[in-house]
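Structure record follows, encoded as structure tokens.
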Amino acid sequence: MSETADLPAQARVVIIGGGIIGCSTAYHLAALGCNDVVLLEKHRLTSGSTFHAAGLVGQLRTNANITQLLGYSVELYRSLERETGLATGWKMNGGLRLACNEQRWIEVRRQATTAHSFGLDMQLLTPREALDLWPVMEIDDLVGAAFLPTDGQANPSDITQSLASGARRGGIEIREDTEVRGFEFDRDAIRGVRTSRGTIRCEKLVICAGQWSRQLGLLAGVNIPLVSVQHQYLVTDKIAGVPADLPTLRDPDRLTYFKEQTGGLVMGGYEPNPIPWAEEGIPDGFNFTLLDNDWDHFEPLMEQAIARVPALAEAGIRQMYNGPESFTPDGNFILGAAPEREQVFVGAGFNAFGIASGGGAGMALAEWVHNGSPPFDLWPVDIRRFGKPHADVDWVRARTLEAYSRHYTMAWPHEENRSCRPCRRSPLYDRLRTQGACFGEKLGWERPNWFAADVDSAIDEYSYGRQNWFAAVGEEHRAARERVAIFDQSSFAKYRLAGPDTARALSWICANRVDAAVGAVKYTQMLNPRGGIECDLTVTRVAEDEFYLVTGTGFASHDFDWIRRNIPADCDARIDDVTSSWAVLSLMGPKSRELLQSLVREDLSPRAFGFGQMRELRLGGATLRALRVSYVGELGWELHVPVEFALTVYDALMSAGGDLGITNAGYRAIESLRLEKAYRAWGADIGPDYNPREAGLGWAVDLASGKPFIGRDAILLQQQAPIAKMLVGFTIADPEIVLLGRETIYRDGERVGWLSSAGWGYTVETNIGLGYVRNPGGVDEAYLRAGAYELEVAGERLGCELHLEALYDPEMSKLRS
Ligand SMILES: Cc1cc2nc3c(=O)[nH]c(=O)nc-3n(C[C@H](O)[C@H](O)[C@H](O)COP(=O)(O)OP(=O)(O)OC[C@H]3O[C@@H](n4cnc5c(N)ncnc54)[C@H](O)[C@@H]3O)c2cc1C
């Protein structure tokens, strides 16, 4: 029903968009007791993408917390009708996923293992068993299938109306026929929303406007990198043999999906050549509107579908849907607090799984809006995962079309994006390329993953076994352990913090003691008030009132935002992103000192230049910053070089290092080297859901000095309770086994966690996995040592060894040599 009465003059929170995401956020805000909220919809509820969704609700994703969000949706949809009295069409008929070749079967088995890791009962089936569940399909080409009994389907419009009804009951106002046209800010803080019916003053804004969100974001000064892409499916008349409880079906080798609908089938898919829509902007009045059918484009999918379900060839087509939906460059949705503004939140870009995610995403976003932080770590969907290239809509569109086209293709381990490359290049790019660098990409940066013998063989060949780069990376690894290796890490995010109160500000933000002498390099975490690890980086004091911060490439926007927001109001300290000013050459290995000393006059002896120190060095005309730190566990320096000198310094090192066996090395070697050292990676092994004690990083938290810092109170409280989970290492020596991460950990036959990261250690010659062992009753060394452990790899349980310290140089003698 349309509510057209005068708008309230003000509301604490304004939500834009009456699709499933806006309504779910409103519903959950009401549940949190936050009901001074107005939801504005320019037309009618569901009139955007929601009304034409097919309604499949799958749960499994590659990340535990996103899977948990989708699982929350299922729980909510089960109970919503009871609560609101409005039907949702929810049916828990389960979901089937097919595999038609051996590699896909490995992928599906690995997905089942991931599901087990995250607590979902995904069952592996023979083709015959799959046929019993889905009697109208051909199974001649099937190798196997996986079945997730708790997946299901729902009616998208009904769920949305049901959520809206729950929100209204909770006191939230929903205004249809009210278009948002602009915003009012006081500096960066949202103050009001201008609409077709007048202005509402507000304290918080939530943009849930589906494919319109990017344009609204621009009006609000917020970048929301999504674009519209066409998506088609058809609905058939009744088909004999299709029962009402037919599971949903995904047939990725045929790029198609199915669900039952009134005795017939819904069939859609992901074309390899997706069609973008509304490149010049979404036309006015595009509500409850579909695009013209494009049979030519759909035909290849139809052929694939008929081969799977022959009855489709004869079935009458009741309706074809061609609806646009917002997609994103990495196929994940966009949630959270916009870094450009204060109190502006986003929930958009749902990549054709907004119905599946709607319940959980609305819950998480409501908590974010109400409490200022999400209920748990949501990094894979966090709006701060984007970076500079994502401001260019043409770049975003090209990358998004690639992501769409790969929705059902094999998700190979270590697979790299192909579109929009090369984009951001270090000064060494061409030099390294001609030496055989095979590049990967992160936030637009080209980064050498490994080095092939020549330019022509610098190509990844993907498989679920050992890939073609395995031996080459071994050589690079050994160079770093035995001689000297050089890594181009110019893509590191780097910030300059300066001003008279910088030391005080950083002391408050960092858990470790960073207020040290000029020239000190400190490894530190930045914690949230719950003691969770928000950032993991090095902080170097370059002057009394100036610090230089270095963090991972992918965390550029996130860490900048965290630091900027947490500089206390009474501190005169300013943060600038200086990433583009500095190239980074990491020179690592036992011969790195000998090499570097041969080129500089400054004394590099252990006494003069110890671990954890920064000195300025002069080399080839450049004044560079040499940081004695290492993520690979060897004697070495990160050389931070002004970009225009980078090639000169690189050439000088390569030329002088020839006799010492200097070797170009890439990120895959770094991964292997750091796993041997059990160095943690943020986003995998550590993050906001883990505190330093659980992560084994308590040594980097400065409680002793008594200095105040964010998270200190939480850490002190945690110290009085048992540890619920602890990060440890596991090994499986068999080189035929490939560990990739997310393998399930069993202790004495009980599931206790999953691997957060994994790979091969070339020095220790074994598979290495890091992961948390969880136990609500507490985990300590005795508990850990008392258990017998197995890892589930692609559906098979294998014995493994537990390790409580680093496999390589646990006493850190190499690092400090
Ligand atoms: C063909 C197709 C099939 C799909 N199948 C599935 C499926 O099987 N399972 C699944 O999980 N997902 C599916 N989806 C995806 C799903 O439809 C979307 O992810 C979901 O509907 C997105 O919801 P939303 O609330 O973000 O956006 P929308 O539903 O588009 O809602 C956004 C709302 O914002 C309003 N709005 C925009 N601008 C303004 C403004 N200036 N002022 C006020 N209001 C404004 C719009 O009118 C609109 O109602 C499918 C999508 C398509 C296209």
Check your understanding: Among Phe386, Phe376, which is the only one that is surrounded by 19 or more Cβ atoms within 10 Å (Cβ to Cβ) and aromatic (Phe, Trp, Tyr)?
Key -> Phe386
Review point. Out of the residues in the stretch 323-334 that are touching a Leu at 6+ places or on another chain (Cβ under 6 Å) and assigned to a strand (DSSP E or B), which is nearest to the ligand (Cβ to nearest atom)?
Key: Gly323
Check your understanding: Mind checking which residues of the stretch 780-799 are part of a loop (DSSP other than H, G, I, E, B), over 28 Å from the mean Cα position of the chain (by Cα) and of a type in the set (A, V, I, L, M, F, W, C)?
Key -> Ala788
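Within 30 Å of His297 (Cα to Cα), more than 10 Å from the ligand (Cβ to nearest atom), crowded, with 23+ Cβ neighbours inside 10 Å and hydrophobic (A, V, I, L, M, F, W, C), is that true of Ile174?
Spelling it out, it is not the case that Ile174 is within 30 Å of His297 (Cα to Cα), more than 10 Å from the ligand (Cβ to nearest atom), crowded, with 23+ Cβ neighbours inside 10 Å and hydrophobic (A, V, I, L, M, F, W, C).
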Point to revise | Selection within the stretch 11-26 - assigned to a helix (DSSP H, G or I), within 16 Å of Phe333 (Cα to Cα) and of a type in the set (Gly, Ala, Ser) | key: Gly22, Ser24
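Give the number of residues within the stretch 216-229 that are within 8 Å of the ligand (Cβ to nearest atom) and farther than 17 Å from Gln343 by Cβ. Spell out how you get there, then give the answer.
Kept after step one, since they are within 8 Å of the ligand (Cβ to nearest atom), are these residues of the stretch 216-229: 216.
Next, only the ones that are farther than 17 Å from Gln343 by Cβ stay: none.
Total meeting the criteria: 0.
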Review point. What are the residues in the stretch 78-96 that are out of contact with any strand residue (DSSP E or B) (no Cβ under 7 Å at 6 or more places or on another chain), not hydroxyl-bearing (Ser, Thr, Tyr) and not in a helix (DSSP H, G or I), if any?
Key: Gly85, Leu86, Ala87, Gly89
Review point. Would the stretch 182-189 turn up any residue that is open to solvent by 30 Å² or more (accessible area, probe 1.4 Å) and either basic (Lys, Arg) or over 28 Å from Gly22 (Cβ atoms) (or both)?
Key: yes
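Filter the stretch 407-435 for residues that are in contact (Cβ under 8 Å) with a residue 60 or more places away in the chain and either touching a Lys or Arg at 6+ places or on another chain (Cβ under 7 Å) or outside any helix (DSSP H, G or I) (or both) and give the result.
His407, Tyr408, Thr409, Met410, Ala411, Pro413, His414, Arg424, Ser426, Pro427, Leu428, Gln435, listed by residue number.
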Review point. Filtering the stretch 337-359 down to residues that are among the aromatic types (Phe, Trp, Tyr) and in contact with a strand residue (DSSP E or B) (Cβ under 7 Å, 6 or more places away or on another chain), which residue is farthest from the ligand (Cβ to nearest atom)?
Key: Phe345
Practice item. Mind counting the residues in the stretch 216-238 that are in contact with a strand residue (DSSP E or B) (Cβ under 7 Å, 6 or more places away or on another chain) and closer than 25 Å to Glu271 by Cα? Key: 13
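Condition test on Val74, is it part of a helix (DSSP H, G or I), buried (at least 20 other Cβ atoms within 10 Å of the Cβ), away from the ligand (no atom under 16 Å from the Cβ) and in contact (Cβ under 8 Å) with a residue 12 or more places away in the chain? Give the derivation first.
Values: part of a helix (DSSP H, G or I): yes; buried (at least 20 other Cβ atoms within 10 Å of the Cβ): yes; away from the ligand (no atom under 16 Å from the Cβ): no; in contact (Cβ under 8 Å) with a residue 12 or more places away in the chain: yes.
Taking the combined requirement at face value, the residue does not satisfy it.
Of these, Thr25, Thr113, Thr62, Thr67, which one is without any contact (Cβ under 8 Å) to a residue 60 or more places away in the chain and on the phi < 0 side of the Ramachandran plot?
Thr67
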**Study point:** the stretch 35-52 - residue that is near the ligand (Cβ under 6 Å from one of its atoms) and open to solvent by less than 50 Å² (accessible area, probe 1.4 Å) and, of those, farthest from Gly198 (Cα to Cα)
**Key:** His52
Review point. Residue check: is Arg12 at pLDDT 95 or above, more than 26 Å from Asp689 (Cα to Cα), within 14 Å of the ligand (Cβ to nearest atom) and open to solvent by 10 Å² or more (accessible area, probe 1.4 Å)?
Key: no
Practice item. Go over the candidates Glu792, Glu805, Glu811 one by one and state the one that is over 29 Å from Ala721 (Cβ atoms), among the charged types (D, E, K, R) and touching a residue at least 40 places away in the same chain (Cβ under 8 Å). Key: Glu792
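The values are calculated or read from the model by the stated rules, or taken from the named source; none is laboratory data. All values reported here derive from a predicted model rather than from experimental measurement. Neighbour counts are summed over all protein chains in view; Cβ atoms, including those assigned to glycine, are modelled from backbone coordinates with ideal geometry. Heads up: the accessible areas ignore ligands, DNA and RNA and are worked out on the full protein's heavy atoms, side chains in. Shrake-Rupley method; radii C 1.70, N 1.55, O 1.52, S 1.80 Å.
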